[in-house]
1. Say each of residue 338 and residue 232 gets a label point 7 Å from the Cα, pointing the same way as Cα to Cβ; how far apart are those two points in nm?
2. DSSP loop (so not H, G, I, E, B), at most 16 other Cβ within 10 Å: list which trypsin sites (Lys or Arg not before Pro) in segment 220-263 pass both filters.
3. Any lysines with Cα under 29 Å of the residue 95 Cα? List them, leaving off those in the same chain fewer than 8 positions away.
4. I need the calculated FRET efficiency for the pair residue 362 and residue 21, taking r as the beta carbon distance and R₀ as 30 Å, to the nearest 0.05.
5. So how do 59-67, 166-174, 182-190 stack up, highest first, on mean other-Cβ count within 10 Å?
6. Non-local amide H neighbours of residue 229 (under 5 Å, H modeled in plane, Pro and chain starts lacking H): which ones?
7. What is the distance in Å between the Cα centres of segment 103-122 and segment 208-253?
8. For residue 122 and residue 350 in the same chain, what is the full-extension length gain: residue separation times 0.36 nm, less their Cα-Cα distance, in nm?
Amino acid sequence: MRHYLTALLLAMLPAAVSATALPAPLTKAVQRIASDEPNNRVLNQLQAATLALDMGYREQAGELFDAALNAIGSVYANSEQAARARSLWYDEGAKDFKGEPYERAMAFYYRGLLDMYAGDYENARASYKSGLLQDAFAEEEQHRADFALLMFLEAWSSHVLGAQGLAGERFEELLSFRPGFKLPDASHRLLVMVETGKAPRKLQDGIGGNILVYRPGKRFREEAVRVRVDGRTLDLNPIESIFWQASSRGGRPIDSILEGQVQFKQTTQNVSADVSGVAAHATMLAPALGAAGGVFAGVAAVAGVATLATSQVKARADHRFWNNLPDKVHVLTLPMPAARQVQIEFLDASGVVIAELTQTASIEVDGAGRGVLWARARPATDVDRP
């Protein structure tokens, strides 16, 4: 029976993915989609898609992200039909991975990035709008969308499309979450996005492992990013903490999740923002925590605090997570430089350059003169495991 399912899943792989000779790590990731348990299908698609994007196989990455998003959309859409599907899914298919809100939002982030690379900013903008919906939509509850990265990218898409009214509305909303963020000038045509760190981890806690909690990724030092281009050195702005998005709902930090129900912290007084101690970047998460500013130090630790009798434990918490996401995303916009090669440097919390991570990346410009540069501090194969 298992061999039959494997053959069936292989046949369902996108044609370009299954037919093209791929590098060994990507081949292994794609094959895992078919060989692993069917309830891991979406997770494996997302992880393979991220790897394909990182390795430059954008067509395959697009098909894999589309396949995952189709499955996610069948359950997590804002429609009556999807609501009925969720009701059934919760009862009978809760083990099928569809991702937490931040993971679903990040799937749309990458889909939009691929659209920007293709020069299709209309579809990119639609992807970022969809990602914001996923950020607000958690289980059967609606929360305030606070995914600043997606707000910024939606506004940027409108900016380069010449829809300044739409861009202005979204940029204004962005400033309510990131006050002081420097908005793009009218002359800016290049977007630089750089990812640092490793994905937030989901862990089982409580009696019988029935509670889900979050922890930051491990074994990375990079906290800030700067680029050297046309003889200038420019700092990027850390616009989003993926760990913060994982461990909060609508800006409210959570203790834990039990059977899909979020347990919110009673106070945010002792919660530090998930931002490094680099002073220039210290206000990134202040709005989400209700703080006016200042330097935040440390990393927000999310701990599950609950005690249940053994008889009450129904199932172990699902601690599968999309393990090649980043910890943070940093952005910069500027007029198109003369150079097409950009040196990227990564700094630790003390502001010291981590020499082994320094890399050179290329700006890609579409037919309308809009440029994109996307890079990661570490390869998509460098991950933490559940």
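Any read-out appearing in this document is the output of simple, stated calculations on the displayed coordinates, not a laboratory observation. These figures come from a predicted structure and were not determined experimentally. Positions of Cβ are backbone-derived with ideal geometry, glycine not excepted, and every protein chain shown enters the neighbour counts.
1. Here the answer is 1.3 nm between the modelled labels.
2. Qualifying residues, ordered by number: 221.
3. Within the straight-line limit of under 29 Å, residue 95 reaches these lysines: 28, 129, 198, 202, 218, 265, 314, 328.
4. Result of the calculation: an efficiency of 0.80.
5. In decreasing order of mean packing, 59-67, 166-174, 182-190 become 59-67, 166-174, 182-190.
6. Under 5 Å from the amide H of residue 229: 234.
7. So the separation of the two Cα centres works out to 19 Å.
8. This chain segment gains 78.1 nm when fully extended.
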